[in-house]
Amino acid sequence: MLSNHFENGMDMARLAWSRLPHSEDGELDGVGLLSTSSNRNGVESLDYEVIENYAYREEQAQRGKFFVGYNVAVKWFFALLIGIGTGLAAVFINISVENFAGWKFALTFNIIQKSYLAGFLMYILINLALVFSSVYIITHFAPAAAGSGIPEIKGYLNGIDIPGILLFRTLIGKIFGSIGSVGGGLALGKEGPLVHTGACIASLLGQGGSTKYHLSSRWLQGFKSDRDRRDLVTCGCAAGVAAAFRAPVGGVLFALEEVTSWWRSQLMWRVFFTSAVVAVVVRVAMGWCKSGNCGHFGAGGFIIWDISDGQEDYSFEELLPMAVIGIIGGLLGALFNQLTIYVTRWRRNYLHKKGNRVKIYEACLISVLTSVISFGLPLLRNCSPCPDSDPGSEIECPRAPGADGNYVNFYCGKDKEYNDLATIFFNTQDDAIRNLFSAKTIHEFSAKSLLTFLVMFYTLAVVTFGTAVPAGQFVPGIMIGSTYGRLVGIFTVNHYKKLNIDEGTYALLGAASFLGGSMRMTVSLCVIMVEITNNLKLLPLIMLVLLISKAVGDVFNEGLYDEQARLRGIPLLESRPNYVMRKMTAREACGNQKVLSLPRVVKVADAVSILRSNKHNGFPVVDHTRDGEPLVIGLMLRSHLLVLLQSKIDFQHSPLPSHSRSGSGAIRHNFSEFAKPVSSKGISIDDIYLSSEDLEMYIDLAPFLNPSPYVVPEDMSLTKVYNLFRQLGLRHIFVVPRASRVIGVITRKDLLIEEESEDSATMELQSTSVRDQRHKTRLLEENGADAERPLLNGLLVQNQRYLKGSFVIVFRDNGRNYS
């Protein structure tokens, strides 16, 4: 009977999950690796560039100043919603984890008063049930929710379209999967998944709701472009870090330093506002929980380890052991990155190929192993007598069974004894870190216990990383680093014989050094460590160990997220191009590839044939001058052409242009119709039905193409092309022959626009190259060139500020292109 009820419940759960929005083919598998059908060659880019076709220009012309203000207000309102949503999600996750952990330890402590064996079995079963719920959710319903999600979000903000990472079911799987995996005691954290959670919330808001559940709103449809979603997801990433660590400034810097590839001052304000909202929401929730409304969620939960009462000063002699901590952090961090690469690669090639059932067995086996180690090792450790209590100290020794704090009485023969290994092993990770960071607890932990914990937890963290559960590496990294940091602190105290040296301070520096050696972050990590410890006096020391650990780690490999992104097949464009690119030109990078182009007026049958024969996402559009010379007039995106084929309203019988080159003629499309939905790959050519009559029709592409794509000369160095491509978030760049003539030179003063008078709507550019524009336009028209659709972006006029150029040459050639 019980088994029947269980099977019915599982069937109902499958039915409920099956109704959630799902991704298309190529979604990430259970460990966050791109499936074989979606390898690096099949990964698509996002369209961050604004396509300034006539549909876009008409839409912009119809929008007045009121719409501009409304647009800005809605963006700020979205930032508010992202902050509130991410803050509430973090509160829910933390309350759930703390309560599950609190019930688990309270029940276990009550049982071990009678039988340690019964308590041991109960402890294993509770952890196993929580981990099983997490891995089952990931493997069966939300495979893209596995791992931390930070490499995938970093790839998205780098311009890579990774299917499935921002879906509604991924958000649900991330939240409930994190509760199960962290509450189940695995050697991982919930902070990385919170970054992914914030990004999912931001993306769902950017969609304007869910069309599947008929919850979309028309007033949100103006924010469906990849460019707008990028800004929202950036706000979500910062909100996730701010919620995870209660570090709003650290969240802003994390988004700026680690995940984004493109930044601007307007976005900085909104990201900062979002993080501030998160801080307020978390603060309100903490105040509400202090009155006992959140069960076991008391002083723990949200990560903040106040060590403001710790070591107040340090001597010059202590800089040497602190530098040693930085070196150890760089070595252990680089080793951690390398070991996780080997383990993850082995999982991908051998273990996870066998299906979801093996992934579940693996996670459950690691759960049992972790429970056995965390419960069994403290049993082998002799208890220590409680130190003399300080009248002004609030630390109780031993602590009450099941309560938070230091000095755990576990398998001790006397009442006034504690087990130092159980204090950090048989505890939640947040409380264990709080115990390691605690000030004025000299000699609480022995060197033998710390070394045992370091070896075992380091091994568990390596083995656990890559399992099919949501997993972050911030908290495990802090635990590993604080352990060897406290070890160095013990040796320093014994060597210098000074009473003002605090072991908790060295634990903090060790945590910072390991995170710096593994993740290779500096500024954001430094601010996060200061915010979560509430001790500004340690800022110079944190900076020192971070710089040393990052320098040491860089000798061996790259940061954890960069290595994992490469392992997942995410083709990130790093901030610096490869040195080999300095010796290559744009023409050499193109190779001997054949360029597929479209005529201005294309036959529907020809367009369908081209779309079926390749998977290119952009095509040059070629027209002819009056003299019959070919002229590249713009770039046509594959997604836009599919929209035209599906709607059929722009089909015409005549092979002649239906619109004049000045763009006259009614545009029967809204610009938002060309936006690709985030929850799928958009329209496919196989989804479009065209009759034989439709195939004989024609389409004039002029109103819908991008009339000013970015172009570079064929002999430009590949390094400059790389910087151009990455800094502007491009998807396509045309490579053209050397220009035959120069029509002007634009400098900084040409980009400073002044109004002639308050009542005049005309603008004047202060440049001699533009004053006689009418005369030059007349000359161009006489030569058959298109004055309204110029291909002028030889060196990117409108983005001179980002490229820091002193001048830009505007040229004209015959319109041929190589790629």
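The slack in the chain from residue 107 to residue 62, taken as 0.36 nm per residue of separation less the alpha-carbon distance, amounts to 9.6 nm.
Do the alpha carbons of any pairs in 104/414; 190/354; 583/720; 174/353; 114/414; 154/174 sit beyond 20 Å of each other, and which pairs? Write down the numbers at each step before the final one.
Working: 104/414 24 Å; 190/354 28 Å; 583/720 11 Å; 174/353 23 Å; 114/414 16 Å; 154/174 17 Å.
Too far apart for the 20 Å limit: 104/414; 190/354; 174/353.
Our estimate of slack between residue 74 and residue 625, defined as 0.36 nm per intervening residue step minus the Cα-Cα distance, is 193.9 nm.
Any chance you could run the full-extension gain for residue 747 through residue 534? It's 0.36 nm times the residue separation minus the Cα-Cα distance, nm to one decimal.
Numbers: separation 213, 0.36 × 213 = 76.68 nm, distance 4.85 nm.
The residue 747-residue 534 span can extend by a further 71.8 nm.
Computed over protein heavy atoms with a 1.4 Å probe, the accessible surface of the stretch 502-548 works out to 23 Å² per residue.
Here the label points at residue 293 and residue 547, each 7 Å from Cα along the C-beta direction, are separated by 4.7 nm in the simple model. With R₀ fixed at 25 Å, the C-beta to C-beta distance from residue 140 to residue 88 puts the FRET efficiency at about 0.45.
Heavy-atom surface analysis with a 1.4 Å probe gives the stretch 41-141 a carbon and sulfur content of 68 percent of its accessible area. Computed over protein heavy atoms with a 1.4 Å probe, the carbon and sulfur contribution to the accessible area of the stretch 500-554 reaches 73%.
The values are calculated or read from the model by the stated rules, or taken from the named source; none is laboratory data. Treat the numbers as computed from the prediction; the structure is a model and nothing was measured. Cβ sites come from the backbone with ideal geometry, for glycine too, and all protein chains shown count toward neighbours. For accessibility, only protein heavy atoms count, side chains too; no ligands or nucleic acids. Shrake-Rupley method; radii C 1.70, N 1.55, O 1.52, S 1.80 Å.
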